[in-house]
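Take a look at the structure set out below.
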Amino acid sequence: MEFAADSILVLLDTTPAGGLAKSAAALIGAAASIGSPVAVVVSDDEQLSLRAAEFGAAVVLRAETGARRVDALSQAAALVEPDAVLVSHSVEGRETAAQFAARSRSGVIADAIAVARDAEGVTAVNAAYGGAYTVESAVTWGAPVITLRQGVIDARADSTPLDERILSVSPSEIRPVEVASVEEQSAGSRPELRGAKRVVAGGRGLGSKDQFVIAERLADAIGAALGASRAAVDAGWVPQSYQVGQTGVTVAPDLYIALGISGAVQHKAGMQTAKFIVAINKDADAPIFDIADFGIVGDVSSVVPQLTAEIEKLQA
Ligand code: FAD
């Protein structure tokens, strides 16, 4: 099989329901900005290849369900000899990136927020110190394996005619992990936190579990996902899966509304790349205001219900 000399291999995640994960368009978009995207997907459904071509994959290598992702990726990399391998910074993506890099002795750049190309090859951009700095890095040997943060890449590629090739994957000797069951954590009708376009997050300043309802009402009024600081999680007000930050979920929504959150560096690490940050806090000196695009100094228990009521009025 022939592949473009500037090929970028892109591993696409699938959802438990069998569709393409939301991250696909941005991964292919990022690949197209630095070369020719060759997508790898493990699925029996050729519709997924079609979707990948719509997102701009020049070639789609589809391996049949049952193949291990790392085996498919390894085989694809041997065929394509890409300049870089892009993988989503999802739980599955991180796992496969690490397995593939260990196997191929490649360097990994994790949680990148952008990719670029210079005279020597593909580079990645990371946010450091909670987003206060950006760092550009490259690997010194071979094609870098880059995991890309979800929700930060705006680039989208033009759709291409489908060029699907079936990848026959011979299983490696290594015993695969067996997934006994998948339990989807339902956020009800709310969007999933990871990759959400809007997030309303509550902190210790909400005061109690019952008061978290005001965050929920605001989130529902604007169709946002619900997040929280670690203090709110530790207090038992919300599940750990809501935690935004260094030891929680990293989000990069268009809008992030922080309610009663002080803005500790560990919290900022998970949300500082949000495009527009609104903070409501009764302490005018709270560090969250240093990064907020719009700040309200006030008590959440009076400001948030008023804000929600105004939004609901506009929608009525
Ligand atoms: P606080 O810092 O207590 O802030 C509460 C804020 O609410 C204050 O600014 C206060 O002025 C305001 N407030 C109080 N009452 C009201 C009111 N009625 N109206 C309006 N405002 C009010 N934290 C995370 O969030 N995510 C992480 O992933 C994370 N990882 C960590 C990892 C490590 C290794 C460590 C050491 C810490 C980590 N933390 C993390 C904890 C972090 O340091 C902070 O303790 C935490 O973020 C604080 O949460 P908070 O802002 O809700 O609470």
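Between the Cα long axis of helix 300-315 and the first principal axis of the chain there is an angle of about 70°, rounded to the nearest 10. Here the extension length gained between TRP141 and ARG190 equals 13.3 nm, from 0.36 nm per residue of separation less the Cα-Cα distance.
Just want the ordering: HIS267, HIS89, from fewest to most Cβ atoms lying within 10 Å of their own Cβ.
Least crowded to most crowded, the residues run HIS89, HIS267.
Each stretch of four or more DSSP H residues adds -39500 (n - 2.57); spread over every residue of the chain, this sum gives -7500 deg cm²/dmol at 222 nm. Which is farthest toward the positive dipole end of region 259-303 among SER301, ILE291, GLN272, measuring Cα position about the Cα centre, with Cβ charges +1 (Lys, Arg) and -1 (Asp, Glu)? Selected residue: GLN272. Most tightly packed first, judged by the mean number of other beta-carbon atoms within 10 Å of their residues, the peptides 163-173, 226-236 read 226-236, 163-173.
Once both labels are positioned 7 Å from their Cα atoms along Cα-to-Cβ, the gap between ASP44 and ASP118 label points is 4.8 nm.
Phi angles across region 162-178 convert, under the Karplus curve 6.51 cos²θ - 1.76 cosθ + 1.60 with θ = phi - 60°, into 3J(HN,Hα) values of 5, 10, 9, 10, 7, 9, 8, 9, 8, x, 6, 5, 5, 5, x, 6, 9 Hz, Gly and Pro given as x. Evaluated with a Cβ-only charge set (Lys, Arg +1; Asp, Glu -1), the chain carries a dipole of roughly 600 debye about its Cα centre, given to the nearest 20.
Relative to the Cα centre, the charge distribution of region 129-272, modelled as +1 at Lys and Arg Cβ and -1 at Asp and Glu Cβ, gives a dipole magnitude of about 500 debye. Label separation (GLN266 vs GLU2): 5.6 nm, computed from points 7 Å beyond Cα along the C-beta direction.
If you take every residue apart from ASP13 with its C-beta less than 10 Å away from the C-beta of ASP13, what net charge results, scoring Lys and Arg +1 and Asp and Glu -1? Let's see the in-between values first.
Values: positive: LYS22, ARG69; negative: GLU92.
So the environment of ASP13 carries a net charge of +1.
Every number in this text was worked out from the coordinates using simple rules, so none of it is lab data. As the structure is a computational prediction, the values presented were derived from the model and not from experiment. Ideal geometry is used to build each Cβ from the backbone, glycine not excepted, and the neighbour counts take in all protein chains shown.
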